[in-house]
Structure formats: C-alpha cells, structure tokens
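Take a look at the structure set out below.
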Amino acid sequence: MGFALKRAHYRVTYPATVRPTLDWDGGSCAVLNVSEHGLGFQTADTNRATVGAPVRGVLRFRSSHVVAVNGTLVRNADGQIGVCLNTDLPYRLIVEEQ
C-alpha cells in the first residue's frame, strides 16, 4: 500500500535558529517554511492576518538572498500564516536553502 503526498511542491522547513524573515506590514516575522509557490510564517498579531488579504513583503534569507514577494493569505491558524505566492520563488533558491 502506497501513500499519496499531501503537497504538490517540495517545501523547506526551517529550525528556529536559522529561519529567514519576512518584512511585512510594518514588522518582521519568522518564516517557518518556503516552497516555490508559497510560504508559511508566524505572527503574534493575528488580527492583521485576514484570509484572502494581499501579502506584499521582502523575504530575507540567512544566506543573504533577498526576494520581494507578493501573494494571497490563504491560512491563519493561531498565528501560523500560509501565503500562496503570485510569482514563484526560483527553484534554484529552494534547492540552495535545503
């Protein structure tokens, strides 16, 4: 018996000590994971994270890569936010982040 993958794209999950940051809405949030098509981050201010809202910000990786991102907020589960990106992150960047 096989199993089906729940995710369509490979996702890099970060330990707390090396998480990138997302500069968004006047603050900086810890990024939990990234894929080519989305990202997850954590925020203490859940009131500013409305499902369906646009998200525009700057993703700063510890490797010194900086990427402007924009997308739509698709999940808010107790401050863990999911964003579907309008423009994919480069696959090469995802591979380098592993």
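Considering all different alpha carbon pairs of the chain, the Kirkwood hydrodynamic radius works out to 13.7 Å. Loop-resident trypsin sites (Lys or Arg not before Pro) (DSSP state other than H, G, I, E or B) in the chain with no more than 15 further Cβ atoms inside 10 Å of their Cβ: Lys6, Arg7, Arg62. Rolling a 1.4 Å probe over the protein heavy atoms of the chain, with every protein chain left in place, gives an accessible area that is 51 percent carbon and sulfur. Extending 7 Å from Cα along the Cβ direction at Ala16 and again at Ala30 yields two label points whose distance is 0.6 nm.
Among all stretches of the chain without exposed chymotrypsin sites (Phe, Trp or Tyr not before Pro) (DSSP loop, at most 15 other Cβ atoms within 10 Å), which one is longest?
Longest run free of exposed loop sites: 11-98.
Label positions at Thr46 and Arg62, each projected 7 Å from the Cα along the C-beta direction, are separated by 2.8 nm.
The values are calculated or read from the model by the stated rules, or taken from the named source; none is laboratory data. Here the structure is a predicted model, which is why all the values come from computation and not from measurement. FYI the Cβ positions are ideal-geometry reconstructions off the backbone, even for glycines, and counts take in every protein chain you see. Just so you know, the surface numbers come from the protein's heavy atoms only, side chains and all, with ligands and any DNA or RNA stripped out. Shrake-Rupley method; radii C 1.70, N 1.55, O 1.52, S 1.80 Å.
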